[in-house]
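K.L.:
After the structure tokens below, expect a handful of questions from me.
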Amino acid sequence: MTCEESKIRLADYWRAGADSHDAELESHLQTCAACGAEARDLGVLWEALGELPEEDPRARLSHRFYSRLRDMERSEMRRAAFFDWLRTPWITAAAACAILAAGVALGRYSAQRDNEISRLQDQIANMRQMVALSLLGQQSATERLKGIDYAQGLHDNDSKVVQALLTAMEQDSNVNVRLAAVDALRRFGELSEVRRSLINTLPRQDSPLMQIAVMDQLVEMRDRSSVPAISSLLNERDLNPAVRHHAAWALQQLQEQ
């Protein structure tokens with residue numbers, strides 16, 4: 001037996017006590033001075049451990065358990081008392097009033113914010129209107145085209161803007177501006193004055209592009225009251241061939257509706 005093996009078996013040897021018997025280990029301990037000395041020291045330690053009194057933990061554990069139990073009971077009692085206090089009538093009434101006040105304040109804040117947003121939107125719309133009208137009155141055709149573009153961004157049927165677009169369609173010296181005005185008036189097609197102006201301007205326009213654009217608008221609006229004006233245009237002897245062809249098509253579309 002080696003010294004390492006004897007050290008492993010020593011614990012079991014001393015644990016067995018008086019009944020221990022390991023001939024091989026005992027033979028090694030007698031022949032190996034180092035292992036024999038270690039075995040004797042371990043035996044003394046083992047006997048000393050055996051003489052220690054056994055402690056009964058039950059009393060200490062019982063005291064700790066009941067102390068924890070009392071702490072938990074006191075905590076539950078405080079919690080129950082707190083919720084009972086919250087359920088008292090005057091506390092309930094005060095909480096309801098606080099919630100109501102918070103709701104009213106939030107409602108007022110939301111209404112005020114909505115009013116501010118509405119005012120801001122109105123201010124922006126007014127500003128766009130002013131810019132559009134100002135640009136439509138400029139001498140430069142490019143600036144007037146910008147004015148028409150601004151007018152298309154307006155969402156309401158602003159009478160001043162509509163009138164400015166009608167004026168541009170009928171009287172502007174630049175055909176591109178007049179064409180842009182016709183296109184911008186598309187979104188105001190439900191207005192009777194717009195329909196009437198489109199019909200009245202058709203025979204007065206000398207540009208084939210304008211005549212075709214106006215007829216397209218009338219067909220798109222399905223305005224059957226424009227049939228006489230288109231028929232009259234179709235009867236002109238010197239009418240542009242492209243316009244004549246388009247006028248015949250427009251009449252067919254309106255009569256089939």
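K.L.:
Which residues, taken from region 178-203, are buried (at least 17 other Cβ atoms within 10 Å of the Cβ) and among the charged types (D, E, K, R)?
P.N.:
The initial filter retains those residues of region 178-203 that are buried (at least 17 other Cβ atoms within 10 Å of the Cβ), namely 178-182, 184-185, 188, 194-195, 197-199, 201-202.
Passing the criteria: ARG178, ARG195.
K.L.:
Which residue is farthest from the chain's Cα centre (by Cα), if the candidates are limited to region 1-59 and must be in a loop (DSSP other than H, G, I, E, B) and at pLDDT 75 or above? Before the answer, list the steps.
P.N.:
Pass one, region 1-59, residues in a loop (DSSP other than H, G, I, E, B): 1-2, 20-22, 32, 52-57.
Within this subset, residues satisfying the condition of being at pLDDT 75 or above are 2, 32.
Details: THR2: 78, CYS32: 85 Å.
Among residues in region 1-59 that are in a loop (DSSP other than H, G, I, E, B) and at pLDDT 75 or above, the one farthest from the chain's Cα centre (by Cα) is CYS32.
K.L.:
Are any residues in region 180-223 under 17 Å from LEU136 (Cβ atoms) and without any contact (Cβ under 8 Å) to a residue 12 or more places away in the chain, and if so, which ones?
P.N.:
Passing the criteria: none in range.
K.L.:
Can you confirm whether PRO241 is under 25 Å from THR167 (Cα atoms), without any contact (Cβ under 8 Å) to a residue 24 or more places away in the chain and surrounded by fewer than 15 Cβ atoms within 10 Å (Cβ to Cβ)?
P.N.:
no
The values are calculated or read from the model by the stated rules, or taken from the named source; none is laboratory data. This is a predicted model, so every value here is computed, not measured. Note: ideal-geometry Cβ built from the backbone for every residue, glycine included; neighbour counts use all protein chains shown.
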